[in-house]
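Values quoted throughout were computed directly from the atomic coordinates according to the rules given, and no laboratory measurement underlies them. Everything quoted here is computed from the prediction, not taken from an experiment. Positions of Cβ are generated from backbone atoms using ideal geometry, with glycine treated the same way; all protein chains shown enter the neighbour counts.
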Amino acid sequence: MSDNTPISRARQLRRNMTPEEKLLWKNLRARRLNGAKFLRQHPIIYQLHNNRPYYFIADFYCAQKKLVVELDGKIHDFQKEYDQHRDEILKSLGLNVLRIKNAELRDVEAVLKRIKDFL
């Protein structure tokens with residue numbers, strides 16, 4: 001499998017999670033939040049063109065609730081248009097996007113409550 005497939009890219013991201021992603025994953029994994037099954041660094045293919053997949057990798061994904069949870073670090077302050085376009089594509093697939101700033105994770109319980117409220 002080549003290094004640019006959605007699955008190999010997702011695996012690479014799983015191996016190199018940010019401290020914030022690790023913290024949230026610790027609280028989401030193994031159905032720890034309301035029994036909801038979350039996947040981390042999950043590829044979502046939104047288009048195939050000439051047999052090439054166009055995809056996004058969701059930080060966290062709950063298929064049962066069609067929920068994508070994105071953790072936004074400082075870089076997202078400079079790519080708001082890209083993020084908005086990405087969210088629109090995900091919404092067109094019937095998915096809901098919940099964006100959480102990394103700084104919000106200083107209060108993990110408040111972040112978990114936001115996710116629970118959505119679930």
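Key figures
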| read-out | value |
| --- | --- |
| Of 59, 107, 87, the one that fluctuates the most in a GNM where the chain has Cα springs shorter than 10 Å | 107 |
| Under-18-angstrom lysine pairs by C-alpha in the chain, whenever the two are 8 or more apart or on separate chains | 23 |
| For residue 101, distant residues with modelled amide H under 5 Å away | 72 |
| Two-site FRET efficiency, residue 11 against residue 92, from Cβ-Cβ distance with R₀ of 25 Å, rounded to 0.05 | 0.40 |
| Charged-residue dipole, Cβ positions (Lys, Arg, Asp, Glu), the chain about Cα centre, Debye nearest 20 | 580 debye |
